[in-house]
Amino acid sequence: MSLTRVQRAAQVAGRSMAGRNTPFIYNEWYVVALSREIDRELMARTVLDRQLVLFRKEDGTPVALDNRCGHRSFPLSRSALEGDTVVCGYHGLRYDENGQCVEVPSQCSCAGISIRSYPLHQQGPVVWIWMGEPEEADISKIPAMPMLEEGWVTSEDYMPLKASYVYLHENLLDLTHLSFLHAKTFGTPDYAKADFDTDIGDGRFLLKRYVVPTRLPPVWAKPTGLEGKDAARITTSDFVSPALHIVHAQFYDISLDESERPDQRIKTAHIPTPETGTSTHYFVVHGRNFALEENEVTDFMHEQLMAAFDEDVVGLEAQEELLAARHEDDDFFEISLSADAASVAMRRYLKRRAEDEAVVREAKKKPVSVKPAAASA
Ligand code: FES
Ligand SMILES: [Fe+2]
């Protein structure tokens, strides 16, 4: 089949955008788990294709180590946590929280035996991990989550997603999908046609959509008291880092003067951590600045939002299934629309970052020289 000019151009453009086959970006802080997931049990979790074991020390500090015992690759997550050490369930090597082997039952010395440990930092409901170059770990680079810092009410959750994290970021930067994928939950028909602005920077991508006037769906109308009223729904999708996307929304009754409008805002952190190239740990931290004392509002919004985000999971997994089953051929193309400008720029940025890092990684690999065995006479 020959492609049309538009299809061919789309195919060429697509090659510069990150997708399910793009290498990972390692030099970033990623959320490894919700804080409540890590406790005094050994827990296995794969992040950036690397198998980890997580646990908390007796003083509550979270720890992440490679899950593979340095001796014969037994999973440490199937071993024993004794105090702040992990004792391998196969031949009993004992590791401390830094991954240093501190005991080998069958010999006196454990000098030089170690596995990798990873810097962690707990920030309220989430725990961040650094899996990049160890000397570049810097907790001041952890992206801010304003809803945790401003005294807002928050709730958090986790969903496994069988699709690339790239497509979750893309989904969040193009909310025209609300009118269709979320028609039964928090989408409204006017969403896709609403005016929008974009702000495309180097590593920061924003798309602001003005759905005005509109009628709010129950998840927003009930808690804000805007049921049955002509309202404004102004939403900003903000790609903060490869590991964090924040959606900000503001609602008000358009019949009120600006000075009379209550300040009612929500911010939802969508936190996609790559598990493998085609699977993602999807963490959510949702916050609001109103009805701060009302627990039933927290429960209601949380339940409604997670039902809506589950529609994204179902949709992205269907997309991934189709892409995985596709026969490799020369005819593949995806046409971008004007609403995709921010997400196209974001995907180009991810690809560039990933490929630049891969080049540096390759260059750092030292050639291993093996001395030829001395020839015997
Ligand atoms: S595999 Fe862990 S001690 Fe042997
Ligand atoms: Fe969505």
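The table that follows gives values for the structure above.
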item	result
Pairs of lysine residues in the range 144-355 - Cα separation under 29 Å, sequence separation of 8 or more or cross-chain	20
Calculated FRET efficiency for the pair Ile335/Arg116, C-beta based, R₀ 41 Å, to 0.05	0.45
The chain: C-alpha gyration tensor shape, a/c 1.5 cut-off, then a/b vs b/c	oblate
Amide H within-cut-off set for Asp39, under 5 Å, with H built and near neighbours excluded	Arg56
Two-site FRET efficiency, Arg352 against Gln107, from Cβ-Cβ distance with R₀ of 45 Å, rounded to 0.05	0.40
Mean separation of Cα contacts under 8 Å, 6 or more apart, over the residue count of the range 253-297: relative contact order %	35
In range of the label at Lys364: residues from the range 131-154 whose backbone nitrogen is under 16 Å from the point 7 Å along Cα→Cβ	131-138
Cα-based Rg of the range 34-131 normalised by 2.2 N^0.38 Å, two decimals	1.03
Bridge type composition, the chain - antiparallel percent by DSSP, nearest 5	100
Extension gain, Glu293 back to Gln7 (0.36 nm per residue minus Cα-Cα distance, nm)	97.6 nm
FRET efficiency estimate (nearest 0.05) - Cβ-Cβ, Arg40 to Lys208, R0 35 angstrom	0.20
Mean separation of Cα contacts under 8 Å, 6 or more apart, over the residue count of the range 1-159: relative contact order %	21
Amide H within-cut-off set for Val240, under 5 Å, with H built and near neighbours excluded	His245, Ile246
Counting DSSP beta bridges with both ends in the range 255-377, the antiparallel % (nearest 5)	100
Inter-part distance where the range 199-260 and the range 147-180 are each reduced to a Cα centre, Å	14
Other-chain or far-sequence residues with amide H under 5 Å of Arg116's (modelled H)	Asp66
Contact order normalised by residue count of the range 266-351, Cα under 8 Å, 6+ apart, percent	17
Where GluC sites (Glu not before Pro) fall in DSSP loop in the range 161-262, at most 15 other Cβ within 10 Å	Glu227
Using θ = phi - 60° and Karplus 6.51 cos²θ - 1.76 cosθ + 1.60, couplings along the range 39-56 (whole Hz; Gly, Pro as x)	9, 8, 9, 7, 10, 8, 8, 9, 9, 6, 6, 10, 8, 10, 10, 10, 6, 10
Helix-only CD estimate at 222 nm, as mean residue ellipticity for the chain, using -39500 (n - 2.57) per DSSP H run (n ≥ 4)	-7500 deg cm²/dmol
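No lab work stands behind these numbers, since they all come straight from the coordinates. All values reported here derive from a predicted model rather than from experimental measurement. Cβ coordinates were reconstructed from backbone atoms using ideal geometry, including for glycine residues, and neighbour counts include every protein chain displayed.
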